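Participant: A single structure is presented below for examination.
We did not get these values from a lab; they are worked out from the coordinates using the rules stated. What you see is a predicted model, and the numbers here were worked out from it, not measured in a lab. Cβ coordinates were reconstructed from backbone atoms using ideal geometry, including for glycine residues, and neighbour counts include every protein chain displayed.
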Amino acid sequence: MTGRIILLTTTHRIAPGLLSWPAWEALRGADRVLCADAAHPQLPYLRDAGVPVETAEPEARELVDACAAGADVVVVAGADGEPRLTDDLARLAGSGRVEMPSLELLPGSYDVPGARLVDVVQVMDRIRRACPWSGGQTSEGLVKYGLEEAYELVEAIESGDTDAVREELGDVLLQVVFHARIAEEDPDEPYSVDDVAGTLVEKLVRRHPHVFGDAVAETPADVKAHWLREKAAEKSRTSVTEGVPLAQPALSLVAKLAGRARTAGVDLPAAVPGAAAGGAEPVADGTTSPARRADGGGEPRAAASAAARGAGGAAPPAPAGEAADGFGAELLAVALRAEAAGVDPESALRAAARTYRETIRAAEAAKAAAAGTPGEDGAAAGGGPAVTGG
């Protein structure tokens, strides 16, 4: 009876020694077990289990001859899958002059979802140790890159480009593993990417008691209530504004503060208290009017400006501080209205900005066409240098 040649494959992303039951049966029942790599991570565990392993380069003809005598041979494949051996076996089989044994491919362990993250961690570790630039970075120095990658991800998502989204997600992931790798070297409070992942898992489980516990949530509103309740218990915060990062874009900041306040049942002001001193105050529709006088006298600044112009003089410019306060109050009111209507003001403004950008480009093209000197991207030939974003 002809034996078998079994090519046993494993993954380095699973702890050595964790093999499938068919793999262990094949190893224990084999007449010979060979492995070309003496440093293969599975070998110590196979030997501990009483499986003798020959560390030798398997030769195709030798294995075929052994199987002709009825032997079953298991080859523990290296990371490359033993291409030389499989190619030689294919040539023997294709020659038609050799009686071939049964050839089996037996996966001993499988990559589980997320297994490639192990590769990311290993590659990042090597880069940190071997790359002069990466080895000298600090978390503080990487902050700007984190912001850039986050914005690039947003742009990719909004563009609908799946390939770009996948790539940008990887760049955001790089920031996570890079910061975690740097943190391993902290002399006082070191932590690793495993600690980061562990903290995240604990948080997700804790804040989803309707999934991992006995709580009930039948609607998204129920889920949000669970999340906020667990978060409040964790953080022991005294204000709903705590934990809102002030470094985020201003419109998003306003919307986040307003959303927190509304969820907590806090009455929302239509404008910043005292904003009228900067040239804006609430009006009936819930917006603000930047046209009121700063002195509280009630005369609209617009009327005063018109009177000045009617007298033949130019309207006096508002002091810089007043102008900034007035515009700030007006923008705040718009952001509050957007949030109350369920609209993200940052996204809305970004969409409008994209439309505005296209309008500018169309106007540039029309101007260039009228001049009869179209240039690249609608810029007139011989004009000034184009200003582009990086």
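Participant: Extension gain residue 1-residue 371, at 0.36 nm per residue separation less the Cα-Cα distance, in nm?
Facilitator: 124.3 nm
Participant: On to the next question. Starting with the fewest neighbours, write out 5, 157 ranked by other beta-carbon atoms found within 10 Å of each beta-carbon.
Facilitator: Arranged by neighbour count, lowest to highest, 5, 157 become 157, 5.
Participant: Please compute the length gained on full extension between residue 155 and residue 47, using 0.36 nm multiplied by the number of residues separating them and subtracting their Cα-Cα distance. If you can, show how the numbers build up before the last one.
Facilitator: Details: separation 108, 0.36 × 108 = 38.88 nm, distance 5.33 nm.
Roughly 33.5 nm would be gained on extension.
Participant: Students often get this wrong: which residues of region 123-144 have the backbone nitrogen under 14 Å from the point 7 angstrom along Cα-to-C-beta of residue 184?
Facilitator: Counting only backbone N, you get 123-131, 135.
Participant: With a Förster radius of 30 Å, plug the Cβ-Cβ distance of residue 80 and residue 204 into 1/(1 + (r/R0)^6) and report the FRET value to the nearest 0.05.
Facilitator: Working: r = 37 Å, r/R0 = 1.24.
That gives a FRET efficiency of 0.20.
Participant: Classify region 4-107 from the C-alpha gyration tensor, please: rounded if a/c falls under 1.5, else prolate or oblate depending on whether a/b exceeds b/c.
Facilitator: Verdict is prolate for region 4-107.
Participant: Points 7 angstrom from Cα along the Cβ direction at residue 31 and residue 59: gap in nanometres?
Facilitator: About 1.8 nm separates the two model spin labels.
Participant: What's the FRET efficiency of residue 171 with residue 69 using the Cβ-Cβ distance as r and R₀ = 56 Å, to the nearest 0.05?
Facilitator: The formula returns an efficiency of 0.50 here.
Participant: Sort 71-83, 14-26 by the packing proxy (mean of other Cβ within 10 Å over each peptide's residues), most packed first.
Facilitator: 71-83, 14-26
Participant: With a Förster radius of 30 Å, plug the Cβ-Cβ distance of residue 348 and residue 191 into 1/(1 + (r/R0)^6) and report the FRET value to the nearest 0.05.
Facilitator: After rounding to 0.05, the efficiency reads 0.20.
Participant: Treat the count of other C-beta atoms within 10 Å as a stand-in for reagent exposure and order 103, 200 from fewest to most. Before the final figure, lay out the partial values.
Facilitator: On the way: 103 16, 200 11.
By the 10 Å Cβ count, ascending: 200, 103.
Participant: For residue 13 paired with residue 102, estimate the spin-label separation in nm (one decimal), with each label point 7 Å from Cα along the Cα-to-Cβ line.
Facilitator: Rounded to a tenth, the inter-label distance reads 3.1 nm.
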